[in-house]
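Data first, discussion second: the structure below is written as structure tokens.
The values are calculated or read from the model by the stated rules, or taken from the named source; none is laboratory data. Only a predicted model underlies this, so the values are computations on that prediction, with no experimental measurement involved. Note: ideal-geometry Cβ built from the backbone for every residue, glycine included; neighbour counts use all protein chains shown. For accessibility, only protein heavy atoms count, side chains too; no ligands or nucleic acids. Shrake-Rupley method; radii C 1.70, N 1.55, O 1.52, S 1.80 Å.
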Amino acid sequence: MNFEELWLIWPILKTLARDGFNTPTEIQGRVMPLALTKRDILGQAQTGSGKTLAFLLPVLQNLYTLRLAKNLPDGKVKRKIEALIIAPTRELAVQIWEACKPYCSDTNMKHTVIFGGMNDFHQIKAIEKWVDILIATPGRLEDLISQGVIKLSYIQILVLDEADRMLDLWFLSDVKKIIKRIPSERQTMLFSAT
């Protein structure tokens, strides 16, 4: 199987080819066909197996096709946050944000990352701009929601990466509060390394 057989859109295929990816990993080959049809996913694979692209590429494609279906322009029209990716640590959130960069660029999607431990001024400014995909740690996300900076009422896709670690790190109450604010009609993907 190759990525073209997964029916990925041309901008994503172009980025994969440019980055030297031709064949999906096992987790990508199993998850992507289901995720691309907006099914909920519970995925498990060890670190380094390609989990990030397994959820990231369907997120991008599903938002891209949703934009086309709604006939939204690609210009600087302010759009709402439609995909939320929650990670338990700053390091993982930044890693997902980095992985997202080339694919967002080629699909004209905007993404940003927020996490605790630093001044939130620049994070707030990034959110106030046009953002399609928000990558966040639970604590900072809950903090900015309570300040009224972030609204989750337009979320179409929710991803919890390393969900098991989030529960181990006592983020359960924050995650529950966040999920209550997200529309119940959405695609949900949970991933774990254990």
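Some observations on this one:
- Of everything listed in (1) assigned to a helix (DSSP H, G or I); (2) open to solvent by less than 60 Å² (accessible area, probe 1.4 Å), the single unmet condition for L68 is (2).
- Residue, most open to solvent (accessible area, probe 1.4 Å), within region 146-179, restricted to residues that are within 27 Å of R39 (Cβ to Cβ) and among the β-branched types (V, I, T): I179
- Meets criteria (touching a residue at least 60 places away in the same chain (Cβ under 8 Å) and within 15 Å of the chain's Cα centre (by Cα)) for L152: yes
- Considering the conditions (1) part of a loop (DSSP other than H, G, I, E, B); (2) within 18 Å of L42 (Cβ to Cβ); (3) of a type outside the set (S, T, Y), R165 is excluded by exactly one of them, (1).
- Per-region count, region 120-143, residues polar (S, T, N, Q) and over 20 Å from D168 (Cα atoms): 1
- Residue list for region 98-116, filter: over 9 Å from I135 (Cβ atoms) and under 12 Å from the mean Cα position of the chain (by Cα): E98, A99, K101, Y103, C104, M109, K110
- Residue match in region 86-99 (condition: open to solvent by less than 60 Å² (accessible area, probe 1.4 Å), of a type in the set (V, I, T) and within 18 Å of K180 (Cβ to Cβ)): yes
- Residue, farthest from I85 (Cα to Cα), within region 120-138, restricted to residues that are modelled with pLDDT under 90 and in a helix (DSSP H, G or I): F121
- Within region 5-20, being touching a Leu at 6+ places or on another chain (Cβ under 8 Å), part of a loop (DSSP other than H, G, I, E, B) and within 14 Å of Y103 (Cβ to Cβ) holds for one residue alone: L8.
- The set of residues from region 100-144 being without any contact (Cβ under 8 Å) to a residue 24 or more places away in the chain, open to solvent by 30 Å² or more (accessible area, probe 1.4 Å) and over 26 Å from L68 (Cβ atoms) comprises M118, N119, F121, H122, K125.
- Flag for I179 being touching a strand residue (DSSP E or B) at 6+ places or on another chain (Cβ under 8 Å), more than 19 Å from A54 (Cα to Cα) and part of a loop (DSSP other than H, G, I, E, B): no
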